[in-house]
1. Between residue 314 and residue 195, what FRET efficiency follows from the Cβ-Cβ distance if R0 is 41 Å, with the result rounded to 0.05?
2. Eigenvalues of the Cα gyration tensor times 5, then square-rooted: what semi-axes does that give for the range 129-350, in whole angstrom, largest first?
3. Using every alpha carbon pair in the range 306-396, what percent of pairs falls into each 5 Å bin from 0 up to the bin containing the largest distance?
4. Once both labels are modelled 7 Å past Cα along the beta-carbon direction, what's the residue 396-residue 208 spacing in nm?
5. Could you give the length gained by full extension between residue 263 and residue 379, i.e. 0.36 nm per residue of separation minus their alpha carbon distance, to one decimal place?
6. Could you check the spin-label model distance between residue 117 and residue 187? Points 7 Å from the Cα along Cα→Cβ, value in nm.
7. Would you list the P(r) distribution for the range 179-232, with all Cα-Cα distances sorted into 5 Å bins from 0 and each bin expressed as a whole %?
8. Sorted by mean Cβ packing within 10 Å, highest first, what order do the peptides 307-316, 131-140 take?
């Protein structure tokens, strides 16, 4: 009996101690602190111990200073209205935080400006250009000339005026204080033509490389220097890989040239953008009007101009030059597929005087009277030739007329000054009809002209 009484007393003492522990609070399965005794509640009020998740002390503390138990506090609900840096980070979503961390990592690895918001980095501005020397062609390009920092291709058949157009671009760049280089892979540059077009030969770098690799390496060094405004390559077909001179006649090297051009353009594109240099390639066409050098140049070029001869310019029985058509095949800065007709005089380049006269008539800066009489600059002239000689003798008058035409055509945006795309069968207005003779050596072009 004594043994049974002892066991009962021990069991009662054990239950009493466990009940007291439950009263003070023990961890519950739901990670909450359960308080069953009024004694524990009184203790929580007296000494401020955070005994339970739902305790009144915890609730009052959450309302007073925001340091409560978790996200359900009123302070957490007011975070979106806070403008502090720490609060701002809490307002971001997980996706925004991850993006910011990625941007910070990119900036640390590659430097400031390696990635940026497009709207903040590039404010709307005009594209820097170099004039082609032809107001009509500048107008057709939509931005006033050839864009700086880009690749330009001029292609067409032989004797169509490709080199002359490139030299006009060089002359215009030099007129504005630019430095230019001419890479003569064909070794056929005519110094007399260069001088007659107005190129300053003392300010033109000339290179006649032995191979395509040498030419493209030289071009890369010039562009990276940032001191050259225009680099002309004449021509893509003359960029001979090193292996071609060492090979046998008849070996196929077309794939090598295309691979060489592709590698070079990938490397040069970034340098062009940084130096704002125009890299102008002159290219020849083969059968079916396909330009040589592979397809890489077509993709990397921002502007592609197709130039071809469509007739002769004659005075009586004497041939003065060629009538050429320049078609904008590709233009990343304005609508493409516009066509301009230009007069190319032998040994002189494009006839700027005839172009100014015809544009002056179109925009009413030169007026036509009765018969063959014209009125310009408060003077009367008999025939266009008289106006041409007047412009040649008075260069300041020619420049003044060109300036007025540019302002009227390029910047006023008058409806009458908009250049519409022309088809190849349009009536030519660059030179009078009696001076245009058909080029009978190219039957396909004559058929296209009707």
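What follows is calculated from the coordinates using simple rules that are stated; it is not laboratory data. Because the structure is a prediction, the values reported are computed rather than measured. We place every Cβ from the backbone using ideal geometry, glycine too, and count neighbours over all the protein chains shown.
1. 0.95
2. Three semi-axes, in Å: 26, 21, 18.
3. 3, 12, 18, 20, 17, 16, 9, 5, 1
4. 4.2
5. Working it through step by step, the gained length comes to 36.0 nm.
6. 5.8
7. Binned Cα distances yield the sequence 4, 18, 30, 24, 16, 8, 0.
8. 131-140, 307-316
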